[in-house]
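To keep things clear, I will list the structure first and then write my remarks on it.
The values are calculated or read from the model by the stated rules, or taken from the named source; none is laboratory data. Quantities reported herein were computed from a predicted structural model and do not represent experimental measurements. Ideal geometry is used to build each Cβ from the backbone, glycine not excepted, and the neighbour counts take in all protein chains shown. Keep in mind that these areas ignore ligands, DNA and RNA; they rest on the heavy atoms of the full protein, side chains included. Shrake-Rupley method; radii C 1.70, N 1.55, O 1.52, S 1.80 Å.
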Amino acid sequence: MSELPRLNGIIKAWEQGRPAYASFAPPGRRAAIEFSTAPYDAVVFEMEHNSWDAEELEVTLQFMLNRKQILESDTLAPAVTPIVRIPANGVENNQWLAKQALDRGVYGVVWPHVSTVEQAYNAVSACRYPRPKDAPYLEPIGMRGDGPHTCSRYWGLTQQQYYSRADVWPLNPSGEVLVFLMIEDVAGVQNLDDILRNVPGIGCVLIGEGDLSQELGVPRQYEHPIVKEAMDQIVATCKKHGMRVGHPHVTSKNVESVVAQGYSFLMSSPVKTYGAIEKARQLENKV
């Protein structure tokens, strides 16, 4: 088997020593086409607050493919890496959602509201295939069911090649699957040190400052001192364990401070502009 290149663009960015850039997007062919050529490393298809529809996700992933782009790049690695945020909170311990997402070809799963060691272990376990007891990187024990037909085809690999790469990074250095844990409640902040000490295989901690600010009594007041204090605690805990941490609300106004604080997964929404209409309105006023 020839050596395969790095396929996950987020991991590639981190291995190159730079932050990875991403955005949330609703699943659907229009968003897929737009993001397939966008200047992001990844797109996170938002299926926590949108309906869970595995068939829609599969169609979305197909529209991420661009024949001309693949030919000119001379690599199987997608130009923009597709990830999905599943709807189940960590406490629900749902594994089947991660299984269905991975079986359709995504390169990572974002788990909302992970608050305990047990929930974190379940999240990583659900994204791994079982392996022999004497195999390296055994824990967390893999619980993902075996259905590689669609995902191996989507990655452009044989099934055996897919198996060799469809493990969690950085636990397995050859892995291409990322497990994101969203820390977005007080319990998660308090338990994060234990989580990162006891659960290998986590790829990134993503702060859910919207939900976190709700519980802290200042909904979506991201600059409120109590919210910033909680976020700073998450970042400090991640730095202590060498864990990458993501910020979900990066803008042109805060990007410098976000990078300076040590965030390495930066999520920003594309900005729509209406320049022609604004210019026309200005002309109207001059008439």
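Structure values in brief
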{"read-out": "Looking only at segment 136-171, and only at residues there that are touching a residue at least 60 places away in the same chain (Cβ under 8 Å) and of a type in the set (D, E, K, R), the one that is farthest from Arg104 (Cα to Cα)", "value": "Glu139"}
{"read-out": "Residues (in a helix (DSSP H, G or I) and open to solvent by less than 70 Å² (accessible area, probe 1.4 Å)) located in segment 24-37", "value": "Ala31, Ala32, Phe35, Ser36"}
{"read-out": "Candidate set from segment 190-215 (those that are of a type in the set (S, T, N, Q) and free of Cβ contacts under 8 Å to residues at least 60 places away in the same chain); member that is farthest from Met243 (Cα to Cα)", "value": "Gln214"}
{"read-out": "Residue in segment 93-115 that is aliphatic (A, V, I, L, M), touching a Gly at 6+ places or on another chain (Cβ under 7 Å) and modelled with pLDDT of 95 or more present", "value": "yes"}
{"read-out": "Single residue of segment 254-279 satisfying the filter (over 16 Å from Glu209 (Cβ atoms) and either surrounded by 11 or more Cβ atoms within 10 Å (Cβ to Cβ) or among the acidic types (Asp, Glu) (or both)) that is nearest to the chain's Cα centre (by Cα)", "value": "Ser264"}
{"read-out": "Which numbered condition Gln282 misses (of (1) of a type outside the set (Lys, Arg); (2) in contact with a Phe, Trp or Tyr (Cβ under 6 Å, 6 or more places away or on another chain); (3) open to solvent by 80 Å² or more (accessible area, probe 1.4 Å))", "value": "(2)"}
{"read-out": "Test result for Val91, in a helix (DSSP H, G or I) and more than 20 Å from Ser23 (Cβ to Cβ)", "value": "yes"}
{"read-out": "Criterion (of a type in the set (Ser, Thr, Tyr), closer than 22 Å to Leu266 by Cα, open to solvent by 20 Å² or more (accessible area, probe 1.4 Å) and assigned to a loop (DSSP other than H, G, I, E, B)) met by exactly one of Tyr21, Tyr40", "value": "Tyr40"}
{"read-out": "Test: residue in segment 229-242 that is exposed (fewer than 11 other Cβ atoms within 10 Å of the Cβ) and modelled with pLDDT of 95 or more", "value": "yes"}
{"read-out": "Residue in segment 47-61 that is closer than 21 Å to Asp211 by Cβ, assigned to a strand (DSSP E or B) and in contact with a strand residue (DSSP E or B) (Cβ under 8 Å, 6 or more places away or on another chain) present", "value": "no"}
{"read-out": "Candidates Asp53, Asp41, filtered to the one that is acidic (Asp, Glu) and under 17 Å from Gln69 (Cα atoms)", "value": "Asp41"}
{"read-out": "Selection from segment 129-158 of residues that are under 22 Å from Asn8 (Cβ atoms), charged (D, E, K, R) and not in a helix (DSSP H, G or I)", "value": "Arg131, Glu139, Arg144, Asp146"}
